[in-house]
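Here the structure comes first, spelled out in structure tokens, and everything after it is commentary.
Where a number appears in this text, it was derived from the coordinates with a stated rule and is not lab data. Nothing here was measured: the structure is a model prediction, and the numbers come from that model. Because the Cβ atoms are built from the backbone with ideal geometry, glycine has one as well, and the counts that use them run over all protein chains shown.
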Amino acid sequence: MKPDQTRALQTGFLLLLAIAAAQVAWWIFENAHHANAAAGRLEQLYKDSATTITRALGGANVTEIDQALDHITFAPNTRVALVNPAAIDAIRNEAHRRTNRFYWEGGFFMLVLIVAMSGLAATIRRDRQLARRQQNFLASVSHEFKSPLASIQLAAETLNRRSGDQEIKRWGSRILVDCERLLRTVDNLLNTNRLDEGIHNLLPETIHLSEAFSSIRDEFDERMRHYEIAFVMDCEESISLHIDPVSLETIIRNLVDNALKACIAGNGTNIELRAAQSSDRVTISVVDNGIGFERSDKNLLFEKFYRVGDEQRRTTPGTGLGLYIVKRLADLSGASVSANSEGPGRGATITIKWNTASKQ
């Protein structure tokens, strides 16, 4: 749909809603007024009836009673009371008038509701189609990036192994670091797409966390040394968790990567990766002394594309998907996630807790 057509449709829809709102307001006022008037007439009728009965019991004649009640008349030359036909006609005409108005106004409201629901349904369909196209685009572009990046990574690794020139090795290491960062970004895009599509398959098995931690340490060792950040791990060899290994690796990797970026942005120097196990729970925590965040932001951190700070002044890389993926994978594996910080510049702690009373 063209922009001008969309704008005209939106204007017309708003005008229709404004008319409907005005009519609803008038309908409320008119019905309230009618209800009060009807109550007043009925109250007066009761009073007149009581007065008339009192007169009748006191010996009043037919003419006095006829004058007291407008809706009552008497048959000629008798004391037989009849309902005044004019009063019946007035009641029927009022009912017919109000019924017709209700039909017209109710029909108009139904039309507005149908148009509104049709518009919302069309908008929802377009949004779903757009979201599907965006997801397909992300998946396609991510796959297109992944192949050349893997090739560049392999070439840089080969160059580092075969070259004796320290300058070439330095630049080769820089290429590897950037390739790994881009590959992690691509992996996050693919993981986000799978999670949003609901096609992330979980194949849980028993994992020793010390082995998973060691793998993460080897993966981040070069980057930690490059930025002069101390990376400390605390995990007993006996701690294990029944979980999908790919999900666990993705969770820990994104947590450590997030802490590393926080330290780079906030001049932090320490990251701690901890694991603890009790009788019914396994807890993994990642603690850093980096940029931190406001306490009011602790729930927003796990929303898609959310990043702490001003996006226009940001210097650290990232997409805002890492903690979103952590939250989604933790939910799928039956874990709870929380984030805490004492404030900007005071570091942060991200904690995930699995209930091990029953295997996931």
With label points set 7 Å from each Cα along the Cα-to-Cβ direction at PHE13 and ARG225, the distance between them in nm comes to 5.8 nm
Sorted largest first, the Cα spans of region 207-355 on the principal axes come out in Å as 44, 31, 25
For a 20 Å ceiling on Cα separation, which of these pairs sit above it: LYS169/LYS261; LYS261/LYS327; LYS146/LYS327?
LYS169/LYS261; LYS146/LYS327
Given the peptides 210-217, 86-93, 251-258, 187-194, arrange them by the average over their residues of other C-beta atoms within 10 Å, most packed first.
251-258, 187-194, 210-217, 86-93
Put a dot 7 Å past each Cα toward the Cβ at SER240 and PHE137; how far apart are the dots in nm?
4.7 nm
Additional length obtainable on full extension of the chain from LEU45 to VAL232, 0.36 nm per residue less Cα span
58.3 nm
Taking the Cα of ASN201, stepping 7 Å toward and past its beta carbon, and measuring to each backbone N in region 246-266: which are under 17 Å?
246-248
Could you tell me the calculated FRET efficiency between ARG161 and PHE305, based on Cβ-Cβ distance and R0 = 41 angstrom, to the nearest 0.05?
0.60
For SER338 and GLU94 in one chain, what is 0.36 nm times their gap in residues minus the Cα-Cα distance, to one decimal in nm?
81.4 nm
